[in-house]
Structure formats: C-alpha cells, structure tokens
C-alpha cells in the first residue's frame, strides 16, 4: 500500500506580523478606567427617574370623548354597511367586500386606542365584536376571522361571501330576529350612549 503525503496547508508558512504586534500593543496598554459620574448628574438622573415613576400612571390611555373621532365615524359606517346588506345581497360586490373589511379592521384598531367614558358603551362594543367573531356558530372559520384576515381587501374567500349572503337571506326571511337586525340594534344603543 502506498503512503500518500498529507495535504499541504498553503498558509502554514505565512506569518502575519501586524496582527501579533497589535495584540501585544493592546496587552501593554493601560486599562481604561471609567470616570465616576458627578454627584450633580447622578442626583439629576435620580430625580428624573422618580418623576417618571410618579407620572407613569398618567401616561396611559386617557379617557376621551369619541364624538367626531374616527372611531365614531367607523361605528356609523359599519351600521350603514349592515343596513345596506339588509336591503341588498352584496356578497358579490367586490367594493363592498373590500370596504366592509377595511372599516371593520380600522374600527378594531381605533377601539384599542380610545378609552370610552361609558362602561356600558364598552360592553356593547365588546358584545358586537364577539358576535361578529362567533358568526356563524360551529363553523371552521368565523366572519370575524375572514374580516381580520383582510377578506375582500387582499383576498376574497368564498366562505366570507357565503356568510354575507346568508346574513342577507336570513334577514329577508325573518327581519325581526336576524343577526343583522341584532347587530344594528347594538350599534343604535351604542350611538345613543356616545
């Protein structure tokens, strides 16, 4: 059997002098000792920290009147969209599908921003959000899911269109007990409180 020589390392004989010199220079240098913070500066920062801690609870969301705000306009727009769906089957209207999803998402975003003065109004908004998030019962994905995934805005799934069609058909069969009527009643109560 032939014994082959081991491979030759091409960089074995190359010496890098500057790297060794810089390492030796770093070791020879005196260590950097940080200067102490002046007492005045330390007291100033401590004072700022204490004031910041005292004011922290006040920096949270402030209670605002929402009349004339985007949140108020979005609630009114959602109501008019639901009324339009009551009157006409808009499940194939791409502009409606897009607009409804966009307004709903904007409404949810603004609802997180504003703190309502009235606790009952907050409960009504939460009730509306929960009902839309749970419609229809026992479905794999709800209307709230499709809207939150920009259905009609970035994509148009058939179940979303079917749900809107079912809402319209349900309203034509029994307008007094339909989901659309219930949701509009919740919004009417809400608008009275605001």
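The values are calculated or read from the model by the stated rules, or taken from the named source; none is laboratory data. Keep in mind the model is a prediction, meaning the values are calculated, not measured. Cβ: placed from backbone, ideal geometry, glycine included. Neighbour counts: every protein chain shown.
Brief remarks follow.
- Residue check for residue 174: surrounded by fewer than 17 Cβ atoms within 10 Å (Cβ to Cβ), free of Cβ contacts under 8 Å to residues at least 60 places away in the same chain and assigned by TED's automatic domain parsing to the domain that holds residue 80: yes
- Residues of the range 115-134 that turn out to be touching a helix residue (DSSP H, G or I) at 6+ places or on another chain (Cβ under 8 Å) and either part of a helix (DSSP H, G or I) or free of Cβ contacts under 8 Å to residues at least 60 places away in the same chain (or both), as a count: 11
- Subset tally (residues that are assigned to a helix (DSSP H, G or I) and farther than 19 Å from residue 169 by Cβ) for the range 135-146: 2
- Some residue of the range 103-114 being in the same structural domain as residue 187 (by TED's automatic domain parsing), in contact with a strand residue (DSSP E or B) (Cβ under 9 Å, 6 or more places away or on another chain) and either in a loop (DSSP other than H, G, I, E, B) or over 23 Å from residue 168 (Cβ atoms) (or both): yes
- In the range 70-102, residue farthest from residue 194 (Cα to Cα) [restricted to those that are in contact with a helix residue (DSSP H, G or I) (Cβ under 8 Å, 6 or more places away or on another chain) and not in a helix (DSSP H, G or I)]: 92
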